[in-house]
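Everything on this sheet refers to the single structure shown next.
The values are calculated or read from the model by the stated rules, or taken from the named source; none is laboratory data. Predicted model, so just to flag it, every value in this text is computed and none were measured. Heads up, the Cβs are rebuilt from the backbone with ideal geometry, glycines too, and the neighbour counts pull from every protein chain shown. Only protein heavy atoms, including side chains, enter the accessible area calculation; ligands, DNA and RNA are left aside. Shrake-Rupley method; radii C 1.70, N 1.55, O 1.52, S 1.80 Å.
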Amino acid sequence: MKAGLFALGQSMMGSLRDLAPIVLVIAFFQLAVLQQPVPDLIGLLTGLICVVAGLTFFIYGLEMGLFPIGESMAHAFARKGSVFWLMVFAFSLGFGTTVAEPALIAVAAEAATVAANGGMIEATEQAQLSYASGLRYTVAFSVGLAIVLGVLRILKGWSIQYMIIAGYMLVVIMTAFAPREIIGIAYDSGGVTTSTITVPLVTALGVGLASSIEGRNPMIDGFGLIAFASLTPMIFVMAYGMVI
C-alpha cells in the first residue's frame with residue numbers, strides 16, 4: 001500500500017514537472033506581453049488541477065497495467081512459438097486500439113463534415129457516417145498491417161531504416177497522384193493513430209517480444225513499431241481517396 005502511494009506521488013511530481021514549462025509560458029505571455037489579468041483564475045486553477053490529476057493517473061495506469069500486460073503477452077506468444085497466433089494478435093491489437101482512438105474518431109468525423117460541405121459526398125447524415133466509418137476502418141486496417149510488419153521485422157531482424165525509407169518514398173509517389181482533398185487528411189491520419197491508446201500497448205508488445213527472442217536487443221529491435229503505425233495510414237488513406 002505504501003509502495004503504491006509512493007509510486008503515485010512520484011507520478012504526480014513528474015506530472016507537475018512536465019506541466020510547469022507550459023504554465024510558465026502561458027503566465028509570461030499573459031502577464032508580461034499581453035499585460036492582462038488571467039481571465040477566470042479559479043476556473044483555470046481548477047482545470048489545471050484536473051489536468052495534473054488526469055495525467056498522473058494515466059501515467060500511473062500505464063506503468064501499472066498496460067505496459068506489463070503487453071509485455072507479458074508478448075513473452076507468452078514467444079514461448080508458445082506460434083507465429084500465426086502472434087501475427088493474429090499483432091493485427092488485432094493494432095486494429096482494435098486504432099478503432100478506439102479518440103483522436104481518429106474526431107478527425108474522421110470532421111473530415112466527413114468538410115467533405116460534405118465541399119461536395120465530395122452527399123450532404124446527408126448517412127453519407128457522412130459512411131465516409132467517416134470508411135476512413136476509420138481504413139486507418140485501423142493499415143495500422144493492424146503495420147504492427148504485423150513491425151513484428152515480422154523483429155522476428156527476422158530486418159533493418160528498419162530501409163523499410164521506413166521505402167515507405168516514405170511510396171508516400172511521396174502517391175502524393176503526386178492522390179486527390180488533393182485527401183492528402184492533408186492522409187498525412188494527419190498518420191499522427192492521430194499514435195496517441196493515448198495505441199502507443200503504450202504497441203510499444204510494450206515490441207519491447208516484450210524483443211526481450212523474449214534470443215539475439216534481439218530490446219533497445220534496437222523493440223522500438224520502431226510506432227513508426228510503421230504512423231506511416232501506413234498515409235498510404236492507405238490516399239489509396240482510399242483514390243478509390244472513392
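Structure notes:
- Cα-Cα pairs of the stretch 1-149 separated by more than 22 Å (percent): 66 percent
- Ranked packing of 140-149, 47-56, 72-81, 30-39, most packed first, by mean Cβ within 10 Å: 140-149, 72-81, 47-56, 30-39
- Every helix of 4 or more DSSP H residues in the chain counts as -39500 (n - 2.57), and over all residues that averages to -27000 deg cm²/dmol at 222 nm.
- Carbon-plus-sulfur accessible fraction, the chain (probe radius 1.4 Å, protein heavy atoms only): 72%.
- For the chain: accessible area per residue (Å², 1.4 Å): 56 Å²
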